[in-house]
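One structure below.
Here, each number is a calculation from the coordinates, and none is a lab measurement. Note that the structure is predicted; figures quoted are calculated from it, not measured. Cβ sites come from the backbone with ideal geometry, for glycine too, and all protein chains shown count toward neighbours.
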Amino acid sequence: MRYTIFGESHGPAVGVVLEGVPAGLTLDMDAVRAELARRAPGNSAASTARRETDEPELLSGVFEGRTTGAPLCALIRNTDIRSGDYEEIRDLPRPSHADYAAAVKYGGGADYRGGGHFSGRLTAPLVFAGAVAKQILARRGVTVRAEIAALGGVEAPAPRQIEQLILDAKDALDSVGGVIRCTIDGVPAGLGGPDFGENIEGELARALFAVPAVKGVEFGAGFGLAAMRGSQANDPFRMENGRVITSKNDSGGVNGGISNGMPIVFSAAIRPTPSIGREQDTVDLRTLTDATLAVRGRHDPCIVPRAVPVIEAAAALTMADILQRG
């Protein structure tokens, strides 16, 4: 299952072309809309004021409610655009955003409005594709679910803590990041392989690092394994109801790039959004002089809650591809 995401944050639309969708799948569009709603900003003061309907238009790959096997193309219109917010900073790259790197890569041709193709807005079509992948996985008994494991340095925060941490950052004209933990259940042992292009950890990491703001990925106990001895890190095997399992899962369900039958567990670190109201040092790309900027407009002080379904989508797409390859 290959996918291509297209569009820009302040262009007419964003969308995705998803190849490898099996024919005959009856798409549950209500389930797709529910996934998109999870990614959309809420009514809380802790999220951006931008509001989009995110109603997907199916342009190809579906006939009479069932997939045809042809590439599935979905379009999501941008309807709540305020491009003027970016005019005064078009030559001032936001620190740690893709603005400067994209300006160099594309010779100044990249769309600067709202981050263009590098905006979190592009996660909407990714969630659409992931919702389709989840329906494919469900036929094989595989589920993908994620949760906020940490936010602003607070482990396992309660919902009220999450909102307060975000509001505190917003009041300080700042932003906050966190960690999302994802579990993939129902994956049989023996999938994947040790080589590039088939290694489960490698394929998941590649998909996750394509998600804006992901700056770290670990599987199972991850970096914590570096502080353990082998006797602590190893996951002992045992039998249960005629099936080989492990008594713990610090390896995150993968050994040698191959699934071992335990749940695949990984965590993704989400950086604080670079668009903050505090004054920051930058450069003026027009005059090539030092400058400062304070970002105005509509921005999330924290994208972690909205990123949960995005991480699930990236994982679902990867596992659907791996399962179909066998």
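Taking Cα atoms only, the orientation of helix 304-325 departs from the longest principal axis of the chain by about 40 degrees. In the chain, the longest principal axis of the Cα atoms and the axis of helix 159-171 are about 30 degrees apart. Packing here is the average count of other Cβ atoms within 10 Å per residue, and on that basis the peptides 136-143, 73-80, highest first, run 73-80, 136-143.
Only the Cβ atoms of Lys and Arg (+1) and of Asp and Glu (-1) were treated as charged; on that basis the dipole of segment 2-325 about its Cα centre amounts to roughly 460 debye. Evaluated on the chain, the Kirkwood hydrodynamic radius is 21.1 Å, with distances taken between all distinct Cα atoms.
For the residues Gly115, Gly252, Gly107, a GNM of the chain with alpha-carbon springs under 10 Å puts the largest fluctuation on Gly107.
Each part gets one Cα centre, and for segment 64-120 versus segment 293-326 those centres are 15 Å apart.
Compared with the dominant Cα axis of the chain, that is its longest principal axis, helix 123-138 is turned about 10°.
Of all segments of the chain bounded by chymotrypsin sites (Phe, Trp or Tyr not before Pro) found in a DSSP loop with no more than 15 other C-beta atoms within 10 Å, the longest spans 210-326.
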